[in-house]
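Heads up, the thing below is written out as structure tokens.
The values are calculated or read from the model by the stated rules, or taken from the named source; none is laboratory data. Note that the structure is predicted; figures quoted are calculated from it, not measured. Counting neighbours? That spans all protein chains shown, and the Cβs are built from the backbone with ideal geometry, glycine included. What goes into the accessible areas is simple: the full protein's heavy atoms, side chains included, and nothing from ligands, DNA or RNA. Shrake-Rupley method; radii C 1.70, N 1.55, O 1.52, S 1.80 Å.
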Amino acid sequence: MRQPAPSSQVSDSGPPFVFGFGFKDGKATEMRWEDAAVQAGDFDFVWLHLNMNNDETKKWIRSQSDIPYAAASALLAGETRPRVSSFETGLVVNLRGVNLNEGAEPEDMVSIRIWLTQKRVITTRRRRLMAAQDLRASLIDGAEIASPGLLLAKLATKLTSRTEPYVQEIEEEVDDLEAAMLDEDSSQGLRPKLADTRQAAVHFRRFVAPQRDALNRLANDESTLFDAHTRTELREIADRVTRMTEDIDAARERAMVLQDQLTDQRAEEMNRNMMVLSVVAAIFLPLGFLTGLFGINVGGMPGVDSPAGFWLVVFGCGVIGFGLLILFRLIKWL
């Protein structure tokens with residue numbers, strides 16, 4: 001392995017080497033970059049986790065003779081979706097996990113790009129991925145991993161375990177919205193919350209569904225990278241991701257139903273308000289006609305010289321208005 005340039009030549013994006021492990025008989029030994037470069041042959045296989053924001057990482061990956069150009073491009077791609085690509089010398093796997101970095105939204109998922117061979121596992125990331133840190137902590141605590149394929153399965157397990165709580169959170173948010181919909185006092189202001197929940201579900205599904213397909217393909221891969229035990233574990237992970245996808249789909253459908261209910265509720269409120277306005281207008285229409293008629297300045301108006309004329313008109317308007325109210329009640333307009 002060719003070693004990246006000294007730290008004095010490293011860009012401000014952080015060091016190229018995040019962490020690494022060498023595996024011998026299943027036991028992991030944490031390594032510095034210098035150890036990985038010099039002692040790689042002493043281990044059954046090594047795992048190198050690299051920071052692809054650093055230009056030296058890109059140069060080093062491009063310089064590896066066993067990594068085809070297309071595979072190197074996949075490892076260094078800016079935006080990726082979960083997928084699996086096979087090459088003569090190895091396997092490229094792109095997976096995603098929830099974004100748990102400070103100030104970030106979980107549904108803004110973080111990519112990890114993986115190059116898998118019998119002797120090396122190289123992973124690259126742009127942003128810190130907590131699932132990789134979880135696996136590192138497990139290895140430091142003594143967890144044993146016997147093969148590169150099993151390492152990939154364990155990493156996929158950590159990604160899935162980190163994602164499941166947020167899928168459950170989306171389901172719980174939909175439950176809360178459904179409960180609030182039944183309470184008229186709480187149903188006000190649901191539209192923005194519902195929009196946020198639907199957006200989160202759409203973001204999660206965008207990457208979880210392809211991840212399910214990628215894991216299913218890995219579980220059915222017949223290469224020597226995966227033994228029977230590893231394939232079984234990958235199938236279990238794929239089943240968990242499939243359940244997550246189904247849960248997200250169910251949450252999206254429920255959110256769409258709630259959106260329709262909100263729209264119907266809003267339309268019903270508008271129709272009811274329009275009905276009230278129409279009834280009020282219908283009541284005041286004849287009253288307005290009478291007051292307009294008695295307001296004309298021509299001779300012959302009845303009651304002009306009578307001191308009770310005004311009150312007679314007021315009484316007549318009251319009788320007409322009350323009669324219209326009774327009529328609208330009878331025909332169930334009110």
All positions within segment 101-136 that are open to solvent by less than 50 Å² (accessible area, probe 1.4 Å), assigned to a helix (DSSP H, G or I) and touching a residue at least 60 places away in the same chain (Cβ under 8 Å) = 132
On the given criteria, is residue 218 open to solvent by less than 70 Å² (accessible area, probe 1.4 Å), under 22 Å from residue 152 (Cα atoms) and not in a helix (DSSP H, G or I)?
-> no
Could you give every pair whose Cβ atoms fall below 9 Å, whose first residue belongs to segment 137-157 and is touching a residue at least 60 places away in the same chain (Cβ under 8 Å) and β-branched (Val, Ile, Thr), and whose second residue is exposed (fewer than 15 other Cβ atoms within 10 Å of the Cβ) and part of a loop (DSSP other than H, G, I, E, B), counting only separations of at least 6 or pairs across chains?
-> 145/26
Kindly indicate whether residue 242 is open to solvent by 40 Å² or more (accessible area, probe 1.4 Å), in a helix (DSSP H, G or I), polar (S, T, N, Q) and modelled with pLDDT of 90 or more.
-> no
Which residue, of 254, 272, is open to solvent by less than 100 Å² (accessible area, probe 1.4 Å) and basic (Lys, Arg)?
-> 254
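Let's see how each residue does on (1) closer than 26 Å to residue 221 by Cα; (2) out of contact with any helix residue (DSSP H, G or I) (no Cβ under 8 Å at 6 or more places or on another chain); (3) among the polar types (S, T, N, Q):
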| site | (1), (2), (3) |
| --- | --- |
| 112 | yes, no, no |
| 118 | yes, no, yes |
| 122 | yes, no, no |
| 130 | no, no, no |
| 139 | yes, yes, no |
| 153 | yes, no, no |
| 160 | yes, no, yes |
| 173 | no, no, no |
| 178 | no, no, no |
Pair list, Cβ < 9 Å and 6+ apart or interchain, from segment 75-91 residues that are more than 13 Å from residue 111 (Cα to Cα) and surrounded by 17 or more Cβ atoms within 10 Å (Cβ to Cβ) to residues that are at pLDDT 90 or above and acidic (Asp, Glu) | 84/213
Any chance residue 70 is small (Gly, Ala, Ser) and assigned to a helix (DSSP H, G or I) = yes
Exclusive hit being outside any helix (DSSP H, G or I) and surrounded by 19 or more Cβ atoms within 10 Å (Cβ to Cβ), set 226, 207 | 226
